[in-house]
Amino acid sequence: MIIGSSEWKEWRRHKIGASDSAAILGISPHKTRMQLWEEKVLGKDPFLNKAMQRGLEREKEALDWADYTLGMSFNPKIVESDIYEWKFATLDGWDEKNRMALEIKWANKKVHDSAKKGIVIDYYYPQVQSQMVCAGIDEMYFLSCYEEDGKTDFELVLVKRDAIFIEKMMEEERKFYIENMLGMIQPTPYLLDVIKNPDEFDDLCKRYEEQDVIEKEASAKKEEIKKRLFEISSKDGSCSSSYSFRKTIRKGTIGYDSIPELKGVDLESYRKQAIEVWKVVKHD
């Protein structure tokens, strides 16, 4: 089969690939168990974001670098597990002579910084362990590629087979295959499963994050102006024909902890209804 062909896509829909492992374990920032189930059972097309697309377009560049650096000859290859009939991996690179696999990621800074420390970040770790299961090998390379200011930095991590992790991972995958794929039972949905337009969602979150930075910078500027107003005003405030700069007194908060009569009293029953607080959190 040709990787990326319609035949390959249909074949992999009925199996569990190495790139599916993190989603099944519930640690993938890119895909939930429900989204994976919809791809496998309902035949929905996998979501491909801009970073993933860039990785596909620049894969040969990374392969060439790995070939030169390691003195090997890597080529894409599909491998199936001899133990789990439903398990396969699509390797970015396979060197037959040295029986060595290569996983390539065009990474963000957090992933790349981890690689520089010799660590594969948690949500990519299941993928490389799955690849070693399918290839029948005890070690492989993880290649992190990070571009900044027009320059690309490459970092190789030699990953060892983790038997304890693999045992737990494969049990979770077996359950997903039997119960959710063959049994066609929907997995427990996550909150993110309700997102109908991931691109728009990410764009809005990014704009919200940018606005938050603008507001913080504006707040800092306000404090600078306020400091200067203190410097040019009298201790009781000042005014012009258009403005006044003056102080108001606001009551301080009550220190309930210091009230002797309240010692040992459970104040939780007097707490007002909780207030919802929403914030945007970026997944690195």
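Within the set of pairs 6 or more residues apart or between chains, which connect a residue that is of a type in the set (Val, Ile, Thr) inside region 273-284 to a residue that is at pLDDT 75 or above with Cβ atoms less than 8 Å apart?
Between residues of region 273-284 that are of a type in the set (Val, Ile, Thr) and residues that are at pLDDT 75 or above, the close pairs are Val280/Cys205; Val280/Tyr208; Val280/Glu209; Val280/Asp212.
If you check Ser130, Ser81, Ser144, which single one turns out to be within 26 Å of Ile16 (Cα to Cα), surrounded by 14 or more Cβ atoms within 10 Å (Cβ to Cβ) and touching a Cys at 6+ places or on another chain (Cβ under 6 Å)?
One residue alone meets the criteria, Ser81.
Consider Pro189 against the criteria (1) modelled with pLDDT under 85; (2) farther than 22 Å from Pro46 by Cβ: it satisfies all of them except one. Which criterion is unmet?
(2)
Could you list all residues from region 229-245 that are loosely packed, with under 10 Cβ neighbours inside 10 Å and under 49 Å from the mean Cα position of the chain (by Cα)?
Glu231 - this is the single residue of region 229-245 that is loosely packed, with under 10 Cβ neighbours inside 10 Å and under 49 Å from the mean Cα position of the chain (by Cα).
Considering only region 236-284, state which residues are among the hydroxyl-bearing types (Ser, Thr, Tyr), modelled with pLDDT under 85 and not in a loop (DSSP other than H, G, I, E, B).
Tyr256, Ser258, Ser269, Tyr270 - these are the residues of region 236-284 that are among the hydroxyl-bearing types (Ser, Thr, Tyr), modelled with pLDDT under 85 and not in a loop (DSSP other than H, G, I, E, B).
For Gly237, indicate whether it is on the phi > 0 side of the Ramachandran plot and without any contact (Cβ under 8 Å) to a residue 60 or more places away in the chain. First the steps, then the outcome.
Values: on the phi > 0 side of the Ramachandran plot: yes; without any contact (Cβ under 8 Å) to a residue 60 or more places away in the chain: yes.
Yes; evaluated as a whole, the condition is true for this residue.
Condition first: crowded, with 22+ Cβ neighbours inside 10 Å and hydroxyl-bearing (Ser, Thr, Tyr). Now tell me which residues in region 95-127 satisfy that.
Tyr124
Taking the stated definitions as given, is Glu38 surrounded by fewer than 13 Cβ atoms within 10 Å (Cβ to Cβ) and assigned to a helix (DSSP H, G or I)?
When the stated conditions are applied, Glu38 does not pass them.
The values are calculated or read from the model by the stated rules, or taken from the named source; none is laboratory data. For clarity, every value in this text was computed on a predicted model and none was experimentally measured. Please note: Cβ atoms are built from the backbone with ideal geometry, for glycine as well, and neighbour counts cover all protein chains shown.
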